[in-house]
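For reference, the structure discussed in these notes is given below.
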Amino acid sequence: MAFAKKYFIAFFLWIVLLCQPLLGSQIYIGAQSVDITPELPIAVTGQFHLRIAEEAETPLTANVLVLETKTDNQTEELAVMVSCDVLYIPTDLIQQLRVSVKQRLPGMDVSKIFLNATHTHTAPVLAEEGEYWIPKEGVTQVNQYRKFFVERITNGIVNAWNSREEGSVAWGLSYAVAGYNRRISYSDGTSGMSSKTKLREFRKLEGSEDHDINSLFFWNKSGKLISMVIGVASPSQEVGGRHAVNADYWHPVREGIREKFGEEVCVLGWIAAAGDLMPHLRYRKAADDRMRELRNLSRMEELARRIILAVEESYDAVKTEKEATPVFKHHVEMLPLPERWVTERDYLDANAFVMDAKKQIADDPKASDRLYRRMKWQEATVKRYQKQKDHPNPMYDMELHVIRLGDIAICTNEFELFSDFGIRIMARSKALQTFVVQLTGSPDWGSYLPTTKAVHGGAYSAVIHSTLIGPEGGQVLVDRTVDLIEGLWAD
Amino acid sequence: IVQDIDLPMRMVTHEEYHHSKKMRDEDLNDKVRAVEFSRRIAFYDEVVKRFETQQSVPNPMYPVEIHALRLGDVVICTNPFEMFTDFGIQIKARSEAMQTFILQLVGPGTYLATEEALKGGHYSAIVESNRVGPEGGQVLVDHTVKMINELWSD
């Protein structure tokens, strides 16, 4: 009998060891919101013309989430994820942030930090130089804001790290229409960006739409909800033309979430693959406006209403599905992507524009307000063409993060990724639910990643100046991301 | 407004004719399958007959009944097909109505596929699935929009 008991225990332990890769460790969770509202006045980015904001209509925030598992009281796996109310985050700034965090937390693997931009078009410039011709006086300078941005987010990461404690997580999926396809196809084969549809020549919306609202909910040891992630396939540009600082629809989303779930809930906004999407409607706008006005809501409040409803639906369904020991793995790599080839024609057109713009600015410096950014945009194409002479197969190294958290996958990319690519990843992913997160770092001020269909159609977002990486590189990104996700489910 | 209009039919190619004839005859010539797969036989037989008709009627047309009904600020418009969404969106985008209801399958059906769908192929975009093709779909859209906008011409 004693022998049988020992045999049973040994057998049981053997089964547990076999299953170890399938079981997770206790998850530790820390969260912190930090204010990154700039000192005014400041230049805001997102349009070709220079805009100086003298008013902050809403605060801008960076929202930090730290996830950790441990073995023998040492970090086994880590993810530090920061959602930022900005248009883009230059890759060099992310490196600076990592250095800053490492100085404060020497034991942290800072390669496991990633930041995403919500793509609000009413936030400060972050590219160190060359985006706009900003006055040197009377306006907060770019380098001042960059320093502030790094300091604030470093503090947020340190605080989130130091406050982490045992917790649990659940995931949910619902739906809300917050993003509409903005690329319009016409009968002659061309496309427009945010162009008219009330035309005889209008044929179709060029690409997909993605109405998934993916949510993650995080509770502390006491069962209090401390953070959530909301994934939406719509960039934050409902009020993108204003001369003001504004977090766009994420502000009313966060306000609404805190009202319902608690003032201390840290809300991360992740924008899914949405390069060809935006919150503005391209048809039946009058009918949509009427319904919104009958509800007495502004357009941003309406977007927030839809998103919050979807989050609530998910929360109600999954709140009893908390997991304290989810499988947690975080893979980071540099993925080489083939750059889109600049043709001689592209180069000649761009060069002609640049020369003409330089002359106009030289004749009238005020012309820089409307021309400087567009000139720099096309000048980048000129430089790419010149680089191609010595590098006939130019490649861009993109930092790619793929995370498994229980049944869900999180995967990042640095672009305004067209929705078709995101849907390809989600469709092929082995995960139950896949969060695609775009704009996690940007070369310069960011770049769209269009489909083949879009390149044929042309127009802003698919022309050569808009796109460092073309459809070929997009497919490499999709295939590698899917392979990595599959690898995290291999056991 | 109610109107009967003619839409250009989707033309059957020689290759499609021979394929449909082969598929039809394989079932038809088997006693068991001739009964069990009678719907499939009819599916292919229609294409065979359409091709044969084309020999004497080079521009065959397909008659459809369309309704456009104004009710205040909204319009309701119908079509008899399983209409691909792009056509519906075209109508809605070009309609003068504040809100446009599109009502499909007001009639016998068959898919009405886009050019892109035809290039992709497969059920719903193959010739067997479509009496009317993208060309006819565009005629339907343009005519429907014209009918709708006439209801707002005052």
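Here are some notes:
- Test: residue in the stretch A:261-273 that is open to solvent by 70 Å² or more (accessible area, probe 1.4 Å) and within 30 Å of A:Glu57 (Cβ to Cβ): yes
- Within the stretch A:313-338, tally of residues that are closer than 18 Å to A:Val265 by Cβ and open to solvent by less than 50 Å² (accessible area, probe 1.4 Å): 3
- Annotation: B:Trp152 fulfils all but one of (1) farther than 13 Å from B:Glu82 by Cβ; (2) assigned to a helix (DSSP H, G or I); the unmet one is (2).
- Condition met for B:Glu46 (in contact with a Gly (Cβ under 9 Å, 6 or more places away or on another chain) and either within 14 Å of chain A (Cβ to nearest Cβ) or surrounded by fewer than 21 Cβ atoms within 10 Å (Cβ to Cβ) (or both)): no
- Considering the stretch B:88-101, and only residues there that are closer than 20 Å to A:Ser187 by Cβ and more than 9 Å from every other protein chain (Cβ to nearest Cβ), the residue that is nearest to the chain's Cα centre (by Cα) turns out to be B:Gly88.
- Evaluated against (1) farther than 30 Å from B:Val145 by Cα; (2) crowded, with 18+ Cβ neighbours inside 10 Å, B:Glu26 falls short on exactly one condition, (2).
- Strands (runs of 3 or more DSSP E) wholly inside the stretch A:1-58 containing at least 2 residues that are modelled with pLDDT of 95 or more and within 23 Å of A:Ile226 (Cβ to Cβ): A:28-35
- For the stretch B:70-104, the tally of residues that are polar (S, T, N, Q), open to solvent by less than 40 Å² (accessible area, probe 1.4 Å) and part of a strand (DSSP E or B) stands at 2.
- Residue in the stretch A:211-225 that is on the phi > 0 side of the Ramachandran plot, surrounded by fewer than 17 Cβ atoms within 10 Å (Cβ to Cβ) and at pLDDT 95 or above present: yes
- Considering the stretch A:388-446, the qualifying strands (runs of 3 or more DSSP E), each wholly inside and each with 2 or more residues that are farther than 18 Å from A:Asp212 by Cβ, run over A:395-405.
- Within the stretch A:351-371, not a single residue is closer than 20 Å to A:Leu449 by Cβ and either out of contact with any Asp or Glu (no Cβ under 8 Å at 6 or more places or on another chain) or buried (at least 17 other Cβ atoms within 10 Å of the Cβ) (or both).
- Test result for A:Glu302, without any contact (Cβ under 8 Å) to a residue 12 or more places away in the chain, open to solvent by less than 10 Å² (accessible area, probe 1.4 Å) and over 30 Å from A:Gln386 (Cβ atoms): yes
- The residue that is farthest from the other protein chains (Cβ to nearest Cβ), counting only those in the stretch A:193-205 that are assigned to a strand (DSSP E or B) and open to solvent by 10 Å² or more (accessible area, probe 1.4 Å), is A:Met193.
The values are calculated or read from the model by the stated rules, or taken from the named source; none is laboratory data. All values derive from a computational prediction rather than experimental measurement. Cβ: placed from backbone, ideal geometry, glycine included. Neighbour counts: every protein chain shown. Ligands, DNA and RNA are stripped out before the accessible areas are found, and what is left, the full protein with its side chains, is counted by its heavy atoms. Shrake-Rupley method; radii C 1.70, N 1.55, O 1.52, S 1.80 Å.
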